[in-house]
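Below is one structure, written out as structure tokens; the observations come after it.
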Amino acid sequence: MLRCNDYIFAESLEEAYELNQKKNNVIVAGNGWLKLRKRQWGTVIDISRLCLDKITENDEEFRIGAMVCLSDIENHKELNDYTDGAVKESLRHIVGTQFRNCVTLGGSIFGRFGFSDVLSMFIVMDSYVELYKGGIVPMHEFAKMPYDDDILVSIIVKKKPLRLAYSSFRNQSTDFPVVTCAVAIGEDIITTAIGARPAKADIRTDGIDACRDLKDYAKKTAESFDYESNMRASAEYRRHIAEVLIKRTVEKIEVRYGNQIMDK
Amino acid sequence: MSESKAINKPIRKKDAMTLVTGKPVYCDDLAPKDCLIIKLLRSPHPHALIDDINTSIAEKVPGIEAIYTYKDVPNNRFTNAGQTYPEASPYDRLILEKRVRYVGDPVAIVAGENEKAVDKALKLIKVKYEVLEPVLDFRQAKDNEILVHPEDNWKSLCPVGADNKRNLCAHEVSENGDLEKAFSQCDAIVEETYHTQANQQAMMETFRAYATKDVYNRLTIVSATQVTFHVRRIVATALGIPKTDVRVIKPRIGGGFGAKQTAVMEVYPAFVTYMTGKNSKLVYTREETQTASSPRHEMEIKLKIGATKDGIIKAIDMYTLSNTGAYGEHGPTTVGLSGHKAIALYSRADAYRFVYDVVYTNIMAAGAYRGYGAPQGIFAVESAIDELAHKLDIDPARFREMNITKEGDVMPAYYGETANSCALDRCLDRVKEMIDWDNKYPARDMGNGKIRSVGMALALQGSCISNLDVGSVALKVNDDGFYSLMIGASDMGTGCDTILAQMAADCMCCDVDNIVVQGVDTDTSPYDSGSYASSTTYITGMAVVKTCAALTEKIKKYGALLMGCDEKDVDFNGKEVYRISNDEKISLKDIANSSMCNSSNALYASEGHASPVSPPPFMAGAVEIEIDTETGKVELIDYKAVVDCGTVINPNLARVQTEGGIGQGIGMALYEDINYNDNGGTRSNSFMQYKIPTRQDICPVEVDFESSYEPTGPFGAKSIGEIVINTPPPAIANAVYNAVGVRIRELPITSEKVYRGIKDED
Amino acid sequence: MEIKLWINDKLIIDNVEPDTPMLEYLRDKGCYSIKRGCETSNCGLCTVWLEGKPILSCTLPLMRADGKHITTLEGLRKEAAEFGEFLADEGAEQCGFCNPGFIMNVLAMERDIENPSDDDIKEYLSGNLCRCTGYTGQFRAVKKYIAYKRGVKADE
């Protein structure tokens, strides 16, 4: 349960940032994960009144506020058109409708959780994290950054022409994934993310020719990541599932686009 | 006789509309607002002695009322098992003890005005432990030099073969026929080891109870329990106070499935209120309900089963090792079902032997969970039956048809009872038809890396504990002739209040709405051993039938008195008592109202019932699955089930029982698994880490009934509550084999195990 | 700290501890239909609507409701009973403990999705656990209720 001495609605990002510099203070987003931490906080900083709950779009990019809840992304038509529904696929297995109405994109990305479907999906796109002090950082770099007291303001997804697909493997329909896989195929490159290894998602980028022999690509790419065992699966099984998911996720794109996948 | 208006009718549960509109009828909704909040400090070690415990700083937290340690509690050993006295489960507990026996064993009870104060105090209690080596592997527990219960005042009340100096909670050998000879006649023998994991009941309402003092200064406990009367005895024994001083009330409860057949936590609020004189309550978190509760016993079953080349089963030999954990609740009794129920499916075999050991270990104590040992044994037997059929190259459905218990058969493994009502053969026929067995067995390659297959399993359970369970009810006539039915059985959402009212309505020839049901309050309800062992319909139902007959006689007698005629000249049709010899009659309304004015005739009856037999319900379940051969993932396509529960009293409620039991069985089969770390701590400590099926995980389930008529049951009824959980694990395991030739003998049947099996074959 | 919110359209101005959980607060205000079934956002028993959207009252901080409208089953008794009749006719209310959260989400789904497919229904409601029914009877009740509601709407 969330325990704190004070709860403040920040009136500006600057105020939120200032408050967040204290070690004992924390920013609350959807409180999905924070409430599980058995800790007494000083001040809980609420950034829900800073207009960070909008998805905006222009010709170049989508800009998703940190406080946009997962279900708003799941149901966002343009974002799903752009991703061929991959974004929805990456979100719809997460716990349940009500949960996704609570928890936010900012919270999911800032947490950089190992099990994160969300990070696995966004990391293969041409996406960026806008930090209040740290500026704009590519997602795959942000994923590797240490936790700090900066504030995640928004996620930017550049409308780079990509063909996207997402798959996950779960023991039970709404459980944490055993392995996640997102694939983005661009003009001449293919990017594959594997998450829940159970370490957090990371990417491999290759020239498009690498996946002409899909079986070989899936095997090599899966093998290039490291895996660990936990309650849900062994490292070895994860590696195998990663290979299967890579193959199937690329095939999803092939089914949609046929041979054009390579000729785009 | 006119057709019954109440029996075999899909009548709504009496409390249905109250529940769907969210009325405050559960334990925590009813607790007084001024209850002290109780929480328990728990051991971080699987085995330790408390060297020193200092509560003085914690006691100074404002709002803290009391903190109790092992130094403050009575030295009366008791068991939390909700069983008839003298309990088969050993008296191996104290409310708190110097020795802690699993990660989560209570160390201190903290009571305070609010949760924050209590949480703070919990952190300020200083405990010094002498950490001892634990026994964590149940295969190493028997005769291990480390003893879980070395204490001298450990006590076993019944001859169950228990010996605390050997870590043995129970041991027994039972057999029939010449086993050696029977095996010597076999052409094919399967000898394998099967392992079933511990599971949580995972009812939505966690354990909870509150305690108050009533107007007579007696301790009153309102508890979410299935065993209201047993809780009274358990609390009185633990506290060392007379039973006169304890009253227990059961409100609506949010599911039980056997979990609440153990008084997991009632003693704590009882003790706090007893000591402080103040109202108190304890609501277990889900984490506590997952880690310090009463899950299914983990069992390892070594099974040998043999048949002739013609497909006749000759002999079954079973050894079950059951893990009761730190305490022995239901340890000596659950294990029996693994053999006595499972082996009895094939009673025509010449010989059987069933041996078991139940051992103590330093993990959370096990308890009662729907099926009560039968699911474990049935997983082993029904898997082995398929293995044997494959060895003999006989269709497993056909193999079953040739060997199953049939009506009139004596069942040696089932305490020598005779199957007086048994439609198992019809259940099997019908389920084959429903799943289209003959066309679908064994499997079809779908051509896309997917294989579809079918698998089946049979099941048997009991309808009560014979020669032990007691059900009694009382029925009285009120103004204008409506009835009050007082019961001691605990409706836990299953609908027994309604089912018993249906029976009473049928007996009294009236509408179900004319029967008001009340339960359970140990001060006013007639005694009932409780809602477990599938016994309520069968045992308490028979008490209803008897009570109605007794009340009918009283109504007739009083009607005759009012009409001034001989009581042999009258009969009762539900609305009036009428004379057989002429047209004179008097309405029930007039009789009822007259009985309340200048009358010495109480229109009230109460009867009890116990049974020398426990007629088994039977069931056949069949599943169609699709396996992704690349990942090993098992997807359920369809589940068909046919149940012989004797006469179906309420088809809707019987169907939902079946569907719900299958849902739980699917969880047990595919992923539910209580997982421990190396220190004996429970990893599956939440619904985040212990996954029960969601509605996306359950395939369409179709249920049908093939009714036999049980001569000893009310209206021919047997039981249904437990049998329904038994078929999914073996049916799915058998389907997996039929699809990819991989035999999973250790639950759960995870994708990874199936994948490894496929890979090992290659 | 001060909070102002509407619970079932009734305005409440209150002073609360900053870390009061929404779930327990609503129960304290008499909304006993709301149950706690877990601590990890998995069971759905505590589902209420915040500005008409189903959320988990165990999860969102109470202060998030400041200036907003919360609806609980107590505010939807008529609709709850309307759907509840379908549940009752299947015997699928069973122990009843998961019913309020489940019903809140069914009513939200009925508003949210015009003609939900079987898969839509299962997916939308998968955050509502139930251990009694195995979901099958609940599913029949939802299907019949949706058909009934569409019928009523078509008649209007």
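The values are calculated or read from the model by the stated rules, or taken from the named source; none is laboratory data. Because the structure is a prediction, the values reported are computed rather than measured. Reconstructed Cβ throughout: ideal geometry from the backbone, glycine too, with neighbour counts over all protein chains shown.
To keep it simple, each residue is scored yes or no on (1) more than 25 Å from B:THR694 (Cα to Cα); (2) of a type in the set (Phe, Trp, Tyr); (3) in contact with a Leu (Cβ under 6 Å, 6 or more places away or on another chain).
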position	(1), (2), (3)
A:THR104	no, no, no
A:TYR147	yes, yes, no
A:ASP150	yes, no, yes
A:LEU164	yes, no, no
A:THR180	no, no, no
A:GLY195	no, no, no
A:ILE203	yes, no, no
A:ARG212	yes, no, no
A:THR221	yes, no, no
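For the stretch B:153-244, which strands (runs of 3 or more DSSP E) that fit wholly inside it have 2 or more residues that are among the acidic types (Asp, Glu)? Please lay out each step first, then the result.
Details: elements: B:168-176, B:188-196, B:208-213, B:219-223.
Result: B:168-176, B:188-196.
Within the stretch C:138-149, the presence of a residue that is of a type in the set (Lys, Arg), without any contact (Cβ under 8 Å) to a residue 12 or more places away in the chain and away from chain A (no Cβ under 14 Å) is excluded.
Considering only the stretch B:5-42, state which residues are free of Cβ contacts under 8 Å to residues at least 24 places away in the same chain and assigned to a loop (DSSP other than H, G, I, E, B). Once the filter is applied, which keeps residues that are free of Cβ contacts under 8 Å to residues at least 24 places away in the same chain and assigned to a loop (DSSP other than H, G, I, E, B), the stretch B:5-42 yields B:THR21, B:GLY22, B:LYS23, B:PRO24, B:LYS33.
Only residues that are surrounded by fewer than 16 Cβ atoms within 10 Å (Cβ to Cβ) and either within 23 Å of the chain's Cα centre (by Cα) or of a type outside the set (Asp, Glu) (or both) were counted across the stretch A:231-264, and they come to 11.
Using the structure shown, decide if A:GLU89 is assigned to a helix (DSSP H, G or I), acidic (Asp, Glu) and either closer than 23 Å to A:LYS35 by Cβ or not assigned by TED's automatic domain parsing to the domain that holds A:VAL250 (or both). Show your work before the answer.
Details: assigned to a helix (DSSP H, G or I): yes; acidic (Asp, Glu): yes; either closer than 23 Å to A:LYS35 by Cβ or not assigned by TED's automatic domain parsing to the domain that holds A:VAL250 (or both): yes.
In short, yes.
Scan B:ALA58, B:ALA66, B:ALA31, B:ALA16 and give me the residue that is out of contact with any helix residue (DSSP H, G or I) (no Cβ under 7 Å at 6 or more places or on another chain) and crowded, with 19+ Cβ neighbours inside 10 Å. Explain how you work it out, then say what you get.
Numbers: B:ALA58 fails: out of contact with any helix residue (DSSP H, G or I) (no Cβ under 7 Å at 6 or more places or on another chain); B:ALA66 fails: out of contact with any helix residue (DSSP H, G or I) (no Cβ under 7 Å at 6 or more places or on another chain); B:ALA16 fails: out of contact with any helix residue (DSSP H, G or I) (no Cβ under 7 Å at 6 or more places or on another chain).
Step by step, each of B:ALA58, B:ALA66, B:ALA31, B:ALA16 is checked, and only B:ALA31 is out of contact with any helix residue (DSSP H, G or I) (no Cβ under 7 Å at 6 or more places or on another chain) and crowded, with 19+ Cβ neighbours inside 10 Å.
When you go through A:ARG204, A:ARG238, A:ARG197, A:ARG256 one by one, which is the residue that is away from chain B (no Cβ under 14 Å) and either in a loop (DSSP other than H, G, I, E, B) or under 18 Å from A:PHE176 (Cβ atoms) (or both)? Can you show your working first?
On the way: A:ARG204 fails: either in a loop (DSSP other than H, G, I, E, B) or under 18 Å from A:PHE176 (Cβ atoms) (or both); A:ARG238 fails: away from chain B (no Cβ under 14 Å); A:ARG256 fails: either in a loop (DSSP other than H, G, I, E, B) or under 18 Å from A:PHE176 (Cβ atoms) (or both).
The conditions single out A:ARG197.
If we keep just the residues of the stretch A:158-183 that are assigned to a strand (DSSP E or B) and in contact with an Asp or Glu (Cβ under 8 Å, 6 or more places away or on another chain), which is farthest from the other protein chains (Cβ to nearest Cβ)? Residue satisfying both the conditions and the ranking: A:LYS158. Looking at the stretch A:95-117, which of the residues that are under 22 Å from C:ASN105 (Cβ atoms) and of a type in the set (Val, Ile, Thr) is farthest from the other protein chains (Cβ to nearest Cβ)? Here the answer is A:THR104.
Every condition in (1) under 20 Å from the mean Cα position of the chain (by Cα); (2) within 13 Å of chain C (Cβ to nearest Cβ); (3) farther than 30 Å from B:ARG444 by Cβ; (4) not in a helix (DSSP H, G or I) holds for B:VAL656 except the one numbered (4). Applying the condition of being in contact (Cβ under 8 Å) with a residue 12 or more places away in the chain and among the polar types (S, T, N, Q) to the stretch C:107-135 and asking which residue is nearest to C:LEU87 (Cα to Cα) yields C:THR133. Going by the conditions given, is A:ARG170 of a type in the set (D, E, K, R), within 10 Å of the chain's Cα centre (by Cα) and within 30 Å of C:CYS43 (Cα to Cα)? Criteria not met by A:ARG170.
Of all residues in the stretch A:222-232, at least one satisfies being assigned to a helix (DSSP H, G or I), in contact (Cβ under 8 Å) with a residue 24 or more places away in the chain and not basic (Lys, Arg).
If you go through the stretch B:365-383 and keep only what is more than 15 Å from B:ALA344 (Cβ to Cβ) and aliphatic (A, V, I, L, M), you end up with B:ALA365, B:ALA366, B:ALA368.
Going by what's in this entry, would B:TYR70 be described as under 18 Å from B:GLY328 (Cα atoms) and not β-branched (Val, Ile, Thr)?
On the way: under 18 Å from B:GLY328 (Cα atoms): no; not β-branched (Val, Ile, Thr): yes.
It is false that B:TYR70 is under 18 Å from B:GLY328 (Cα atoms) and not β-branched (Val, Ile, Thr).
Among the residues making up the stretch B:418-435, a single one is under 28 Å from the mean Cα position of the chain (by Cα), more than 13 Å from B:PRO617 (Cα to Cα) and of a type in the set (Val, Ile, Thr): B:VAL431.
Which residues, taken from the stretch B:157-199, are more than 30 Å from B:ALA368 (Cβ to Cβ) and within 24 Å of the chain's Cα centre (by Cα)? The answer is none; no residue qualifies. Within the stretch B:635-647, the residues that satisfy the criterion of being surrounded by fewer than 24 Cβ atoms within 10 Å (Cβ to Cβ) and either more than 23 Å from the chain's Cα centre (by Cα) or in a strand (DSSP E or B) (or both) are B:GLU635, B:LEU636, B:ILE637, B:ASP638.
Looking across the stretch B:688-702 at every residue that is in contact with a Ser or Thr (Cβ under 7 Å, 6 or more places away or on another chain) and crowded, with 23+ Cβ neighbours inside 10 Å, the one that is farthest from the other protein chains (Cβ to nearest Cβ) is identified as B:TYR690.
Filtering the stretch C:28-48 to residues that are under 14 Å from the mean Cα position of the chain (by Cα) and either farther than 24 Å from A:TRP33 by Cβ or surrounded by fewer than 24 Cβ atoms within 10 Å (Cβ to Cβ) (or both) leaves C:CYS31, C:TYR32, C:SER33, C:ARG36. Applying a threshold of 6 Å to beta carbon distances and a minimum spacing of six or more residues, or different chains, the list of pairs starting in the stretch B:702-717 at a residue that is in contact (Cβ under 8 Å) with a residue 24 or more places away in the chain and more than 10 Å from B:ASP644 (Cβ to Cβ) and ending at one that is buried (at least 18 other Cβ atoms within 10 Å of the Cβ) and among the aromatic types (Phe, Trp, Tyr) reads B:GLY713/B:TYR538.
Could you grab me the full set of residues in the stretch C:105-127 that are basic (Lys, Arg) and either closer than 11 Å to A:GLY96 by Cβ or within 11 Å of chain A (Cβ to nearest Cβ) (or both)? Even if it seems obvious, please write down each step before you answer.
Our first condition is that a residue be basic (Lys, Arg); within the stretch C:105-127, this holds for C:111, C:122.
Matches in the stretch C:105-127: C:LYS122 only.
Taking the criterion of being surrounded by 22 or more Cβ atoms within 10 Å (Cβ to Cβ) and in a loop (DSSP other than H, G, I, E, B), the residues of the stretch B:731-747 that qualify are B:ILE744, B:LEU747. Give the residues of the stretch B:43-53 that are crowded, with 19+ Cβ neighbours inside 10 Å and either among the basic types (Lys, Arg) or part of a strand (DSSP E or B) (or both), sorted by residue number. Hits for the stretch B:43-53 are B:ALA48, B:ILE50, B:ILE53. Of all residues in the stretch B:554-580, those that are without any contact (Cβ under 8 Å) to a residue 12 or more places away in the chain have Cβ atoms under 8 Å from Cβ atoms of residues that are among the aliphatic types (A, V, I, L, M) and assigned to a helix (DSSP H, G or I), 6 or more apart or on another chain, in B:ASP566/B:ALA560; B:GLU567/B:ALA560; B:GLU567/B:LEU561. Being in contact with a Lys or Arg (Cβ under 8 Å, 6 or more places away or on another chain), buried (at least 24 other Cβ atoms within 10 Å of the Cβ) and of a type in the set (S, T, N, Q): is that true of B:SER529 here? Taking the combined requirement at face value, the residue does not satisfy it.
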